[in-house]
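Here is the structure we will look at, set down as structure tokens.
Derivation of every value follows stated rules applied to the coordinates shown; laboratory data play no part. In this text, all values refer to a predicted model and were calculated from it rather than measured experimentally. Quick reminder, even Gly has a Cβ in these numbers, built from the backbone with ideal geometry, and neighbours come from all protein chains shown.
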């Protein structure tokens, strides 16, 4: 099936004959219109002898077709005809130049179309000059589809490598589709010893480009995609805290590094180099991990919106996570000193954080309506960050916190001191009453200055949450109960990141092992090893 722009002119094998008949009809009409209706000579009216056959009515020299005639026959534009009659045109259309005028002999046009007809095809796809037309009008630009196998060549002398070449359609911002040549390092010759193996790798690359369902992908830089698509389409779906963290990482770490790179040209190697540079620059492992997470989210959005086929961030690896010890917790006496030295409402705020272990965002989002007197429970139904309320972190974060009678009495006493407040007011409002206290202000203006004044170890609201969990575990509270009170979706998060083992617990563990060893020495009937215990159990079961 030809795709050279002429296939639409001769759709079938029998189309040439019908075309010639149509051309002759147009020529006959043109001849008649050119000669006009002439009156018969008097000799003819008086029975004069007829003229020779070559000079009879309707016969004579073949009438040449005009540009207008061809446009009407083929349903094409004048530009289409003129383009194929230029001197430098490939296989120019047969024509006769009469000054500035163009005329077309019908027989030569028929012969020309016959020579260009693909007799093996049962039909043809209309294809003009890469422009799709509807009713003769330009509709949209299309890149002509071609099958390609790509080609390879060997580069370098000291350490030669195979380089692959292929062409890819690209969609420009103005809507035009252009074809660009791409190159790719296929690998070292030591790993790919033959050219045939290198060609197979190129074939894997162009396989998608040759697919009939392939569509050109837009060509944009990472910065343009982030600013015009990601920030407008994806970012509004995230919570304020997540949005703030993403924006900081994009502004400080991603856009300065790869903002001017083409989105479609970034590979897993480029992302791995970026991760390695950030890790070597002295950033913490958690920060490098967050950078990788944000990059992955951006490229996942690019795949979703058809800007890329795959996410290259999945091919990058993080460096090994360093061994980090949990920060030491303040002792019970240190926390009591801090609590007693503060004024209200900060004293009750620190106390409530110690007994509930809420996230700071959940603690400051509490309202009076969150307190259920009938069951002595505090219901966590919201969180707040940067003064903006939102839903809790996870679905498990919506939970009740049970208080005992003594704890509830102290909370009721705090509420009675502010008896004028309404049921839906904040539990810890700011001085103007327009909203709750902000966690960062309480930490920087109240807690840290007082900790420094008293000479206490580092204390934050989040460390008080750690203290709550550690206390529950030391007091033999079941892990499942502790997990639900903390609002964690997984128990390993509870045990790995929040549990602190105290020195007393280490001492108790050592004493327990010591007691077991002493007991085994005194009682000879106890098995000396695990294998003896297993053998005794087998005898009993038998």
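Ordered from longest to shortest, the equivalent ellipsoid semi-axes for region 378-431 are 23, 18, 8 Å, each the square root of 5 times a Cα gyration tensor eigenvalue. Using a/c under 1.5 as the rounded threshold, could you call region 151-218 rounded, prolate or oblate? The axes a ≥ b ≥ c are square roots of the C-alpha gyration tensor eigenvalues, and prolate needs a/b larger than b/c, oblate otherwise. It comes out prolate by the Cα gyration axes. Each of 163, 343, 413 was scored by other Cβ atoms within 10 Å of its Cβ. Arranged with the fewest first, they read 343, 413, 163. Ordered by the count of other Cβ atoms within 10 Å of each Cβ, fewest first, 338, 454 give 454, 338.
Could you estimate the translational diffusion coefficient of region 222-315 from the Stokes-Einstein equation, with Rh from the Kirkwood formula over C-alpha pairs, at 10 °C and 1.306 mPa s, in whole µm²/s? Mind showing how you got there, number by number?
On the way: Rh = 13.4 Å.
Using the Kirkwood radius from Cα pairs, D works out to 119 µm²/s.
Taking other C-beta atoms within 10 angstrom as a stand-in for reagent exposure, 368, 153 fall in the order 153, 368, fewest first.
Calculated from the alpha-carbon coordinates, region 332-498 shows an Rg and a Dmax of 15.5, 44 Å respectively.
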